[in-house]
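Student: Here it is: the structure, laid out below.
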């Protein structure tokens, strides 16, 4: 039986934990969750409840910038054969990756190399890129590792980032389940990523676009793209700053129009 570490966040992370815990081919030896500043206040409680329901007694580590935390994670990684990162909000540092021999895969909601880094779904809307999901090997680069599985999402143009995110999460979970047995057996061919067509964004870039001013939008199409990209599944919406300095929250509803014959 192989041992596995999980780096998880969000609903997808909990789904991955539940799925892996029920597999007989692996044994979970530790779970790492986002730092306090990056996770929902209720996330640790949801995790505790799930672990209790699964009757799973494993170390749970909150990823903080602390030497003792790093040593704890490193100690577990040295015992692990495999690892899964599911929407984990931190870049695993070189010291951790080079200090272990386990293979870690990352579940990423974009068609890599498009959408490396933060907020790939909103940026794909703004930049008119294809949407999809990728399961890839974690290496020393940012979302640059070899690809195990990739699927495109075929979508209507009226969907906002929140709705696309929910579809991407479902597809990522489905893809993980479909490749899991072959992956842990080492039977999946890895395809090298190339930089052609790659895009990369940092987390601060999107937030700088959240407040829209009338003078900065050049076309109505670009205005719609901004609205779609900034409408999130957690309830966050784009804002509009008018000439008087008042800020308005914007909601988007774009429906297909049926032409009557």
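Student: Of all residues in segment 99-130, which are under 22 Å from residue 35 (Cα atoms) and not in a loop (DSSP other than H, G, I, E, B)? Break it down into steps so the answer makes sense when it comes.
Tutor: So the first thing to find is which residues in segment 99-130 are under 22 Å from residue 35 (Cα atoms), and the list is 99-100, 104-109, 116-120.
If the condition is that a residue be under 22 Å from residue 35 (Cα atoms) and not in a loop (DSSP other than H, G, I, E, B), then 104, 105, 106, 107, 108, 116, 117, 120 are the ones that fit.
Student: Moving on to the next point. What residue, of 164, 135, is within 20 Å of residue 5 (Cβ to Cβ) and either in the same structural domain as residue 115 (by TED's automatic domain parsing) or within 14 Å of the chain's Cα centre (by Cα) (or both)?
Tutor: Details: 164 fails: within 20 Å of residue 5 (Cβ to Cβ).
The unique qualifying residue is 135.
Student: Kindly check whether there is at least one residue in segment 2-11 that is closer than 21 Å to residue 97 by Cα, surrounded by fewer than 16 Cβ atoms within 10 Å (Cβ to Cβ), at pLDDT 95 or above and over 19 Å from the mean Cα position of the chain (by Cα). Reasoning before the result, please.
Tutor: In the first step, residues of segment 2-11 are kept if they are closer than 21 Å to residue 97 by Cα; the result is 2-9.
With surrounded by fewer than 16 Cβ atoms within 10 Å (Cβ to Cβ) added as a condition, the list becomes 2.
Then drop every residue that is not at pLDDT 95 or above, which leaves 2.
Filter again for over 19 Å from the mean Cα position of the chain (by Cα), leaving 2.
Scanning segment 2-11 turns up at least one residue that is closer than 21 Å to residue 97 by Cα, surrounded by fewer than 16 Cβ atoms within 10 Å (Cβ to Cβ), at pLDDT 95 or above and over 19 Å from the mean Cα position of the chain (by Cα).
Student: Test of understanding: among 189, 163, which residue is more than 29 Å from residue 26 (Cα to Cα) and outside any strand (DSSP E or B)?
Tutor: Step by step, each of 189, 163 is checked, and only 163 is more than 29 Å from residue 26 (Cα to Cα) and outside any strand (DSSP E or B).
Student: Follow-up question, since we're still on this one. If you take the residues in segment 81-102 that are over 30 Å from residue 160 (Cβ atoms) and modelled with pLDDT of 95 or more, which one is surrounded by the most Cβ atoms within 10 Å (Cβ to Cβ)? Reasoning before the result, please.
Tutor: In the first step, residues of segment 81-102 are kept if they are over 30 Å from residue 160 (Cβ atoms); the result is 81-83, 92-102.
Restricting the remaining residues to those that are modelled with pLDDT of 95 or more gives 81-83.
Numbers: 81: 17, 82: 17, 83: 23.
Residue satisfying both the conditions and the ranking: 83.
Student: So, in segment 215-249, of the ones that are touching a residue at least 12 places away in the same chain (Cβ under 8 Å) and in contact with a helix residue (DSSP H, G or I) (Cβ under 6 Å, 6 or more places away or on another chain), which residue ends up surrounded by the fewest Cβ atoms within 10 Å (Cβ to Cβ)?
Tutor: If we take residues in segment 215-249 being touching a residue at least 12 places away in the same chain (Cβ under 8 Å) and in contact with a helix residue (DSSP H, G or I) (Cβ under 6 Å, 6 or more places away or on another chain), then 233 is surrounded by the fewest Cβ atoms within 10 Å (Cβ to Cβ).
Student: Evaluate segment 60-69: report whether one residue or more is more than 26 Å from residue 94 (Cβ to Cβ) and either at pLDDT 95 or above or outside any helix (DSSP H, G or I) (or both).
Tutor: Restricting attention to segment 60-69, the residues satisfying the condition of being more than 26 Å from residue 94 (Cβ to Cβ) are none.
No.
The values are calculated or read from the model by the stated rules, or taken from the named source; none is laboratory data. Bear in mind the structure is a predicted one, so any value in this text is a computation, not a measurement. All Cβ positions, even for glycine, are placed from backbone atoms using ideal geometry, and neighbour counts span all protein chains on display.
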